[in-house]
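Read the structure below first, then the notes.
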Amino acid sequence: MKHNISLILNKQDLKNLIKKIEENISPIVHDLGYSIVKISFIGSEKAKTLQIMIERLDDSFITIKDCEIVSRSVSVCLDVLDPVCGKYNLEVSSPGINRPLEKPGDFMRFVGSHVIVKTFELKNGMKIFRGLLDSATEHGIKVHLSISTVEDVDFAYDEIKNACIDGIKQGVFQKSEPKNKS
């Protein structure tokens, strides 16, 4: 019977573990010329995988070589830190065409992009919203919906279960460039 690793640890313990890992590996990843998009655990208790999604600081596409470089460097740090009980696999990857939006800064960076937002609770009779990310602040976002009787929907970050760039709407073969470069 397969169990999601996130069900084995309580949510707060899992959040703390991911935060500890990110705090320890972020400087290494940054020094190599990359940033962390998302860290998560996937798989079952017996087959844990620590997944680290990265992107290049220069916004060019991630290659397999990039993933190998980060994997080798991060692996050494994780061996010393030893944050996970038992065996696990390390997977370093690009965020893909449906890049996750995790932090307020991600949303602010991709204002003007097509997004998919999933909520914990029904909002306007829906839990899944597709549209254009109209604005983002430290407190929440506004999405202009593609198909709906309601045109704009505001979301506080704590209402959002997960969100990502809509890679199909954005264009499969074109990179979803940040709209607000700092």
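The values are calculated or read from the model by the stated rules, or taken from the named source; none is laboratory data. For clarity, every value in this text was computed on a predicted model and none was experimentally measured. Every residue, glycine as well, gets a Cβ built from its backbone with ideal geometry; the counts of neighbours run over all protein chains shown.
Summary of values
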quantity: Complete set of residues in segment 121-140 that are surrounded by 15 or more Cβ atoms within 10 Å (Cβ to Cβ) and either closer than 21 Å to ILE97 by Cα or of a type in the set (Gly, Ala, Ser) (or both); calculated: PHE129, ARG130, GLY131, LEU132, LEU133, ASP134, SER135, ALA136, GLY140
quantity: Output for segment 132-164, where each listed residue is of a type outside the set (Phe, Trp, Tyr) and either in the same structural domain as VAL37 (by TED's automatic domain parsing) or in contact (Cβ under 8 Å) with a residue 40 or more places away in the chain (or both); calculated: GLU159, ILE160, LYS161, ASN162, ALA163, CYS164
quantity: Subset tally (residues that are loosely packed, with under 13 Cβ neighbours inside 10 Å and modelled with pLDDT under 90) for segment 151-174; calculated: 6
quantity: Residue within segment 91-111 that is part of a loop (DSSP other than H, G, I, E, B) and of a type in the set (Gly, Ala, Ser) present; calculated: yes
quantity: In segment 21-52, the residues that are under 12 Å from LEU78 (Cα atoms), surrounded by fewer than 17 Cβ atoms within 10 Å (Cβ to Cβ) and among the β-branched types (Val, Ile, Thr); calculated: ILE28
quantity: Segment 101-120, subset closer than 21 Å to ASP13 by Cβ and touching a strand residue (DSSP E or B) at 6+ places or on another chain (Cβ under 6 Å), residue surrounded by the most Cβ atoms within 10 Å (Cβ to Cβ); calculated: GLU102
